[in-house]
Amino acid sequence: MGKKVLVAESREGVRTELCTVFQKDTSVSTVSEAATYEEVKKHLSCFDHDLIVINQALMTDIKVPSLENFALLIDEPDLDMLMYAYEHRARGYFSFNVAADLLSAALSSTRETFLIDPVLVPRILKLSSERRKCEDAYRIPIVPFSTYQFGTSPG
């Protein structure tokens, strides 16, 4: 029995490309498509999937525990969404033009695997750096107690 994949993407061109990648994979027997939130819900309630590749915009009201073996498609990196995907054991965090071999790797990966599209890494690091700088700007410096000199007047 081959693997079952659901591609949930509202843009027809992107969805078709992703489906084609999985249809060429000899380990895959079924590739299903969903273009809307309602279609995603229908597929999730009726079928088990070995991998669900879903656009983050279609995850609006989907409870993550109902998603197993999912990879998230994004247009722009978002650190909060990246951590959300990781914490909910997603298989991957990919740009919409993800490489075919990365999709294949997500399909054959274990639950402990979290793949990040290499195209996204520089932008993720930049966002992380910017967030850290903002946090540092609001941090109050803490002077170790041992550096205070008691009994002396300043100046």
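Side notes on the structure shown:
- In this structure, Glu68 does not satisfy being of a type in the set (D, E, K, R), surrounded by 15 or more Cβ atoms within 10 Å (Cβ to Cβ) and in contact (Cβ under 8 Å) with a residue 60 or more places away in the chain.
- Hey, Val14 buried (at least 16 other Cβ atoms within 10 Å of the Cβ), assigned to a strand (DSSP E or B) and either more than 14 Å from the chain's Cα centre (by Cα) or without any contact (Cβ under 8 Å) to a residue 40 or more places away in the chain (or both) or not: no
- Candidate set from the range 1-11 (those that are assigned to a loop (DSSP other than H, G, I, E, B) and out of contact with any helix residue (DSSP H, G or I) (no Cβ under 7 Å at 6 or more places or on another chain)); member that is surrounded by the fewest Cβ atoms within 10 Å (Cβ to Cβ): Met1
- Checking each residue in the range 17-41 for being β-branched (Val, Ile, Thr) and buried (at least 16 other Cβ atoms within 10 Å of the Cβ) picks out Val21, Val28, Val31, Val40.
- Leading residue by the ranking (modelled with the lowest pLDDT) among those in the range 99-143 that are β-branched (Val, Ile, Thr) and surrounded by fewer than 12 Cβ atoms within 10 Å (Cβ to Cβ): Val143
- Every pair of residues 6+ apart whose Cβ atoms lie under 6 Å, when the first sits in the range 35-51 and is β-branched (Val, Ile, Thr) while the second is part of a helix (DSSP H, G or I): Val40/Leu58
- Check on Leu44, surrounded by 12 or more Cβ atoms within 10 Å (Cβ to Cβ) and either within 17 Å of the chain's Cα centre (by Cα) or under 26 Å from Pro122 (Cα atoms) (or both): no
- Selected residue (criterion: modelled with the highest pLDDT) from residues of the range 17-73 that are within 25 Å of Met1 (Cα to Cα) and among the aromatic types (Phe, Trp, Tyr): Phe22
The values are calculated or read from the model by the stated rules, or taken from the named source; none is laboratory data. All values reported here derive from a predicted model rather than from experimental measurement. Heads up, the Cβs are rebuilt from the backbone with ideal geometry, glycines too, and the neighbour counts pull from every protein chain shown.
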